[in-house]
Amino acid sequence: MSELKLVHAIGYSGHIPNSVQVLPDKHVAYVLGTSVVIASLTDPDDQCFLKGHKNDIITMNISPNGRYLITGEGGVESDVCVWDLSTLKLKYTISEHDHGIYHVCFSGDGEFFASVGGPKDGRLIIYEMKTGYLVQTVYLPDFPITSVCFSPRLINDRGTETFDYRILAASERSLVSILFQPAKEDGITTTKLPLGSLHRNFKSMLISPSDPCILFGGTSSGDLLIIDIRSGTVLKTLPVCHGGICSIVCVSEGASREGRGGGTQEERRARRARGEKRTGYRSYGAQITTTLYISGGDGFVRELKSDDKIDWEETSKVSVSGTSVTSLSLDLGDNGLVYGTSDGTLGRINVATFTHAAFSMNNVSSVVGMGFLEDTNEIFVTVTADGLVRVWDC
């Protein structure tokens, strides 16, 4: 008898933060137990599976160029898997943590990636993407870590791109800034950001794509904090939602990258002579409009806009679920967002009209019974432990 081959699966681990990512080719990647499902946004029958974990996947991140995917699993013997999405093959399996991988993330330029273990492990490990080799290990002061983000290359005071990076790691008690300098033998400097008298539990964080000195931090209380990473100063606190901020994505418009170093020396001198303003990301004379899309534990997705990252206006919102919206991912090709919820729903939001539609609904409790309807091979019924009965069309 030939081996059975899995061709389609119904399910989604929607309780995991950032568990769905839009891919460049009209597909999405989402977590389902020990596997990642690669599914078409246009053909519901088009699915394939990335299988390399022994335990359930509990964290996932996609590279900035959309080519690579990192996943981390729970359990005692836990691995980090790096997938090449162009071939749907496993590129690296890394076995440095022994008690669960709580977070994984790529650097903003995709040159490095990091993994964070649990309280029994206590480490953040940085790897080079080109080789998969471990390059630095950081022992963090507070655990468990609730959120991590990894900058692109930093810009110095002259507007020149350096070879340095910054990693932010948040726990329930602190926010730690890690200066990572790959060119130095001991290239790690760890600093606890003061944040004044504020004590916040960060559920989600994002470094501004137009200014790597600015951090957007979403808290369990539903506040959005705008933080100057260099000084640890909280520039603004905005109450956004109830139930905590689960996911943040950002689009910046008006910034014009001009290459490393912001152009030639003569061009930079000419801009300074004209009095053009330089920002942290080599943009001159352009007003940057920042748009944040924020999902919350109250089931809403909100759009906020700002021209200075200090004064924000909520321009749109939509209720997509009665439970937490745990994941958001930009679908720039179709002017939209893909979202995932803790009740197993996957859907899309058109950001022009801020309307939404679900494209996949899934069980989240254990299936305790199922069967095909009489005289049909097309319709079957599932019963789950939470008492939900669903009818499915093959």
Formal net charge of residues neighbouring Asp98 (Cβ-Cβ distance under 12 Å; K, R +1; D, E -1): -3
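Just the accessible area per residue of the range 313-394, please: how many Å² with a 1.4 Å probe? Mind showing how you got there, number by number?
Working: 4390 Å² over 82 residues.
Spelled out: the 1.4 Å probe surface of the range 313-394, per residue, equals 53 Å².
Lysine pairs in the range 1-158 with Cα distance under 18 Å, only those 8 or more apart or on different chains: how many are there?
Close lysine pairs found across the range 1-158: 8.
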Gyration tensor on Cα atoms of the range 125-183, a ≥ b ≥ c root eigenvalues, a/c under 1.5 rounded, else prolate if a/b beats b/c, else oblate, says oblate
With the dipole of the chain worked out from charges on the C-beta (+1 for Lys and Arg, -1 for Asp and Glu) around the Cα centre, which of Thr326, Ser221, Gly33 lies farthest toward the positive end? Ser221
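Could you work out the local net charge near Pro64, counting Lys and Arg as +1, Asp and Glu as -1, over the other residues with Cβ closer than 13 Å to its Cβ?
0
Give me the 1.4 Å probe accessible area per residue for the range 1-118, excluding ligands and nucleic acids, in Å². If you can, show how the numbers build up before the last one.
Details: 5260 Å² over 118 residues.
Value returned for the range 1-118: 45 Å² of accessible area per residue.
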Calculate the dipole size of the chain relative to its Cα centre from +1 charges on Lys and Arg beta carbons and -1 charges on Asp and Glu beta carbons; express the result in debye to the nearest 20. 1540 debye
Tell me which of Ile94, Ser365, Leu238 sits at the most positive position along the dipole axis of the chain, charges placed on C-beta atoms (Lys, Arg +1; Asp, Glu -1). Leu238
What does the charge count near Arg348 come to, summing +1 for each Lys or Arg and -1 for each Asp or Glu among other residues with Cβ under 10 Å from its Cβ? -2
Top mean-square fluctuation among Met370, Met361, Met60, Gaussian network model of the chain, C-alpha springs under 10 Å? Met370
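If I take every Cα pair under 8 Å that is 6 or more residues apart in the chain, average their sequence separation and divide by the length, what percent do I get for the relative contact order? Can you show the working numbers first?
Values: 1026 pairs, mean separation 40.2, N = 394.
Result for the chain is 10 percent.
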Quick one: among Gly244, Gly371, Gly110, which has the greatest mean-square fluctuation in a GNM of the chain with alpha-carbon springs under 10 angstrom? Gly371
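For the full complex of protein chains and a 1.4 angstrom probe, list Leu6, Leu330, Leu23 by accessible area with the highest value first. The partial results should precede the final answer.
Numbers: Leu6 90, Leu330 50, Leu23 15 Å².
Largest to smallest exposure gives the sequence Leu6, Leu330, Leu23.
Kindly provide the helix-only [θ] at 222 nm of the chain, computed as the sum of -39,500 (n - 2.57) over DSSP H runs of four or more divided by all residues, to the nearest 500 deg cm²/dmol?
Working: 1 runs with 9 residues, N = 394.
Mean residue ellipticity at 222 nm (helix-derived): -500 deg cm²/dmol.
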Got a number for carbon plus sulfur as a percent of the range 1-113's accessible area, 1.4 Å probe? 50 percent
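About the Cα centre, and with charges only on the beta carbon of Lys, Arg (+1) and Asp, Glu (-1), how big is the dipole of the range 331-394? Nearest 20 debye, please.
Dipole magnitude for the range 331-394 comes out near 240 debye.
The values are calculated or read from the model by the stated rules, or taken from the named source; none is laboratory data. This structure is a prediction, so every number in the text was calculated from the model and none was measured. As a convention, Cβ positions derive from the backbone with ideal geometry for all residues, glycine included, and neighbour counts pool all protein chains shown. Surface accessibility is based on the protein's heavy atoms, side chains included, excluding ligands, DNA and RNA. Shrake-Rupley method; radii C 1.70, N 1.55, O 1.52, S 1.80 Å.
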